[in-house]
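Structure, as structure tokens:
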Amino acid sequence: MLNRPEVRNAFNEHVIAQLTAWAEAAASDPGLRVVVLSGAGKVFSAGADANWMARMVGASHEDNLRDALAAAKMFLAIDTLPAFVIGRVHGAALGGGGGLAAVCDAVVSEDSAVFGFTETRLGILPAVISPYVLHKIGPSAARELFLTGMRFDAARAREVGLVHAVVRSEELDLTVQRYVTEALSASPTAIAAAKRLIPRVWGHAPADAMRITAEAIAAQRVSDEGQDGLRAFLEKRKPGWAPQE
């Protein structure tokens, strides 16, 4: 949980360092299967901290580059987590907050939430988040939303692919829990492998991806969970990773 409600869960160098350290440690935790990212208080995240931005005014190119690379490292660390990552969005997800939603595997938003890649209105760019947002919303929507910096509602966020479920505020946690339940029904190693596969295949012609996809399914079939899952299906039982209630 982003826990800086007094500044609308805005990012600064300390939050970035903490999230990066957490994601890097979480990536090596074999027991971690599902992550829910949320924000304390009234909003998910309003983007960059004003005080942090004020300190960067007048900073050198080298200082700005170092700062941007730290943020880029954070988004990459979260994006590549082998666990299933759910974004629980309420209030607003602006700037880097929208980028944080983009590195989630599924995003559940309350219907009154507001989104926006508002950086151009400050004379800057949604640069380090762009690889992840583009993978979600595509270049056409990005040209509209990045260039104008306009704010948009949850329905529009779902329409362009940034959000996967839009619900009333009282249904937010129940819907998140449904995603948790679904993720726990899937093989942890298969989730991780599928997550690695998507960026490797995306953008390739089917013929060019044949070897990649064949190698991926062959490796998973002979894995412990692949074998258990196939046997469980044939024996009409639950596999070992699934809740056994």
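The values are calculated or read from the model by the stated rules, or taken from the named source; none is laboratory data. The structure displayed is predicted, hence computed values, not measured ones. Methodologically, a virtual Cβ is constructed for each residue, glycine included, from the backbone with ideal geometry; neighbour enumeration extends over all protein chains shown.
Considering only residues of region 35-60 that are β-branched (Val, Ile, Thr) and either within 25 Å of Phe152 (Cβ to Cβ) or surrounded by fewer than 19 Cβ atoms within 10 Å (Cβ to Cβ) (or both), which is farthest from the chain's Cα centre (by Cα)? Reasoning before the result, please.
From region 35-60, those β-branched (Val, Ile, Thr) are 35-36, 43, 57; that's our starting set.
Next, from what is left, pick out any that are either within 25 Å of Phe152 (Cβ to Cβ) or surrounded by fewer than 19 Cβ atoms within 10 Å (Cβ to Cβ) (or both): 36, 43, 57.
Details: Val36: 10, Val43: 17, Val57: 29 Å.
Within region 35-60, the match that is farthest from the chain's Cα centre (by Cα) is Val57.
Tally time: how many residues in region 232-245 are surrounded by fewer than 12 Cβ atoms within 10 Å (Cβ to Cβ) and part of a helix (DSSP H, G or I)? Steps first, answer last, please.
Step one: list which residues in region 232-245 are surrounded by fewer than 12 Cβ atoms within 10 Å (Cβ to Cβ), which gives 233-236, 243-245.
Still in the running and part of a helix (DSSP H, G or I): 233-235.
Selection size over region 232-245: 3.
Every residue in region 136-160 that is among the β-branched types (Val, Ile, Thr) and under 18 Å from the mean Cα position of the chain (by Cα), please.
Narrowing region 136-160 to residues among the β-branched types (Val, Ile, Thr): 137, 148, 160.
Matches in region 136-160: Ile137, Val160.
Between a first residue in region 221-245 that is in the same structural domain as Ala193 (by TED's automatic domain parsing) and under 12 Å from Thr189 (Cα atoms) and a second residue that is surrounded by 15 or more Cβ atoms within 10 Å (Cβ to Cβ) and aliphatic (A, V, I, L, M), which pairs have beta carbons less than 7 Å apart while being 6 or more apart in sequence or on different chains?
As it stands, the answer is Glu225/Ala190, since those pairs meet every condition given.
Checking Thr120 against (1) of a type in the set (Val, Ile, Thr); (2) surrounded by fewer than 24 Cβ atoms within 10 Å (Cβ to Cβ); (3) touching a residue at least 40 places away in the same chain (Cβ under 8 Å), which single condition isn't satisfied?
(3)
Of everything in region 136-159 that's in contact with a Gly (Cβ under 9 Å, 6 or more places away or on another chain) and part of a helix (DSSP H, G or I), which residue is farthest from Ala183 (Cα to Cα)? Quick ask: steps written out before the conclusion?
Our first condition is that a residue be in contact with a Gly (Cβ under 9 Å, 6 or more places away or on another chain); within region 136-159, this holds for 136-138, 141, 145, 149-152, 157.
Remaining after also requiring part of a helix (DSSP H, G or I): 136-138, 141, 145, 157.
Numbers: Lys136: 20, Ile137: 23, Gly138: 25, Ala141: 29, Leu145: 31, Ala157: 23 Å.
Going through the qualifying residues, I end up with Leu145.
Testing Leu76 on (1) under 13 Å from the mean Cα position of the chain (by Cα); (2) in a helix (DSSP H, G or I); (3) touching a residue at least 12 places away in the same chain (Cβ under 8 Å); (4) surrounded by fewer than 19 Cβ atoms within 10 Å (Cβ to Cβ), one condition comes back false. Which one is that?
It fails just one condition, (3).
Filter region 172-201 down to the residues that are acidic (Asp, Glu) and either in the same structural domain as Ala214 (by TED's automatic domain parsing) or free of Cβ contacts under 8 Å to residues at least 60 places away in the same chain (or both) and list them by number. It would help to see each step written out before you state the result.
As a first pass, look at region 172-201 and keep what is acidic (Asp, Glu): 173, 182.
If the condition is that a residue be acidic (Asp, Glu) and either in the same structural domain as Ala214 (by TED's automatic domain parsing) or free of Cβ contacts under 8 Å to residues at least 60 places away in the same chain (or both), then Glu182 is the only one that fits.
For Ala165, which of the numbered conditions (1) in contact with a His (Cβ under 9 Å, 6 or more places away or on another chain); (2) under 13 Å from Ala106 (Cα atoms) fails to hold?
(1) is the only condition that Ala165 fails.
Of everything in region 82-117, what is in contact with a Leu (Cβ under 8 Å, 6 or more places away or on another chain), surrounded by 24 or more Cβ atoms within 10 Å (Cβ to Cβ) and in a loop (DSSP other than H, G, I, E, B)? Give them in sequence order.
Cys104, Phe117
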